[in-house]
1. Filter the range 154-170 down to the residues that are assigned to a loop (DSSP other than H, G, I, E, B), within 20 Å of Ala133 (Cβ to Cβ) and at pLDDT below 95, then identify the one that is least open to solvent (accessible area, probe 1.4 Å).
2. Which ones in the range 264-304 are more than 14 Å from Asp324 (Cα to Cα), open to solvent by less than 10 Å² (accessible area, probe 1.4 Å) and more than 19 Å from the chain's Cα centre (by Cα)?
3. Based on this model, can you work out whether Leu57 counts as part of a helix (DSSP H, G or I), open to solvent by 10 Å² or more (accessible area, probe 1.4 Å) and closer than 23 Å to Ala196 by Cα?
4. Any residue at all in the range 33-53 that's of a type in the set (Asp, Glu), at pLDDT below 95 and more than 16 Å from Val122 (Cβ to Cβ)?
5. Which members of the range 8-22 meet the condition of being in contact with a Pro (Cβ under 9 Å, 6 or more places away or on another chain) and surrounded by fewer than 24 Cβ atoms within 10 Å (Cβ to Cβ)?
6. Between Gly310, Gly321, which is touching a Leu at 6+ places or on another chain (Cβ under 7 Å) and open to solvent by 10 Å² or more (accessible area, probe 1.4 Å)?
7. Within the range 175-203, take every residue that is without any contact (Cβ under 8 Å) to a residue 40 or more places away in the chain and hydroxyl-bearing (Ser, Thr, Tyr) and give me the one that is farthest from Gly340 (Cα to Cα).
8. Since Met349 meets every condition but one in (1) closer than 17 Å to Pro257 by Cα; (2) open to solvent by 50 Å² or more (accessible area, probe 1.4 Å), which condition does it not meet?
Amino acid sequence: METVIPCVLMRGGTSRGPFFLGDWLPADPVQRDQLLLSAMGSPHALQVDGIGGGNTLTSKVAIVSRSTRPDCDIDYLFAQVSVDRATVDTRPNCGNMLSGAAPFAIDEGLIAARHGVTPVRVHNVNTGAIIEAVVQTPGGHLTYEGEARIDGVAGAAAPVRLNFLDAWGAVTGTLFPSGSRQETVDGVAVTLIDAAMPMVLMRAQDFGLLGDETPAQLDADTALLERMERIRREAGLRMGLGDVSQSVIPKPVLLAPSDSSGGLALRSRYFTPRACHRSHAATGAVGVASAFLMPGTVAHDCGGPAVRAGYRSVRIEHPSGAMDIDVELDPASGVVRAAGLMRTARKIMKGLLYVPGHYVLAGAQRHQEARAAA
């Protein structure tokens, strides 16, 4: 017996994956994760028996529902489906996939579009953080077409502005979970930070690197990957995350000063965590930019400026280009108050997904309608 459910395939930022309404899936998390593994074709290097793309960037799932919080419009649950393991991780957020959540919600009738732009308050279920997504809705109609461009994606599309409002310490409870802005793990200086994403920030030079290496070069360095994984696991313990061997957080990041003249910029190589990102996670970029502006962190050691309250724009240089992050520092404490960036999204296709096995779906009526249509 097979299960037939609606599914929308979307690109969000530099990632891609299926988007589901919450009641299209099983309410039970164990059944839900089993369904997602089957749908994506995991575990298999090519995910040939599913709709995954054989890469962590294309093995992601977004689940959207009307919000359970009175101060938000929608709930967004992100799931990282492992390519080569039978695991689904719902501990982290994903800012790239997040850029598709508000357009998807408008498309599916959860939110009414306004004239001009539609601000959508998103509750990230993974972390509890609130993000404002501003979507283009000229004439009260959603559009994916526009002139905005982001590095790592061909062509142009309508911009989606993401404003992170309270993502600081969302997973661990504090911005610097270990209580220090810089410490040593396995002989390497690190910053353990929870700013939009729990991360282990390290200087590329401490590994004999320049920070401009390609993902292929870094992925081929097995000694580097093994050492960073040791550091990541110890960092997980120090951050209060426990045994992170089966989790994708915290993310390891290698940083280096930028060669560009003028402005605030640094190089970043972001790992997912066992391979280098082909561009950069949006949430990771928010955290890196935030650390860059705060003295005492290894990111600030890569050319960070003196503390100054107000908004600062930081350019994160990644393997596919760069992205600009606007960060606001609190005038009293000098720590980050809010951050924002621009992404794009595109609806690729909508249809029926066939998954081997029988699952009890949350929306039984929708399940029956889908099977009838099939």
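1. Of the residues in the range 154-170, the ones assigned to a loop (DSSP other than H, G, I, E, B) are 154-156, 158, 165-167, 169-170.
With the extra rule that they be within 20 Å of Ala133 (Cβ to Cβ), the set shrinks to 156, 158, 165-167, 170.
Of the ones still in play, those that are also at pLDDT below 95 are 165-167, 170.
Details: Leu165: 70, Asp166: 66, Ala167: 4, Ala170: 32 Å².
Among those residues, the one meeting the criterion is Ala167.
2. Answer for the range 264-304, where residues must be more than 14 Å from Asp324 (Cα to Cα), open to solvent by less than 10 Å² (accessible area, probe 1.4 Å) and more than 19 Å from the chain's Cα centre (by Cα): Met294, Thr297, Val298, Ala299, Cys302.
3. The answer is yes for Leu57.
4. no
5. The answer is Val8, Leu9, Leu21.
6. Only one candidate passes the filter, namely Gly310.
7. Checked the range 175-203; the qualifying residue farthest from Gly340 (Cα to Cα) is Thr184.
8. In the conditions (1) closer than 17 Å to Pro257 by Cα; (2) open to solvent by 50 Å² or more (accessible area, probe 1.4 Å), Met349 misses (1) alone.
The values are calculated or read from the model by the stated rules, or taken from the named source; none is laboratory data. Just so it is clear, the structure is predicted and the values come from calculations on it, not from any experiment. Glycine gets a Cβ as well: all are built from the backbone with ideal geometry, and neighbour counts include every protein chain shown. The protein model used for the area step is the full one, side chains on, heavy atoms only, and it has no ligands, DNA or RNA in it. Shrake-Rupley method; radii C 1.70, N 1.55, O 1.52, S 1.80 Å.
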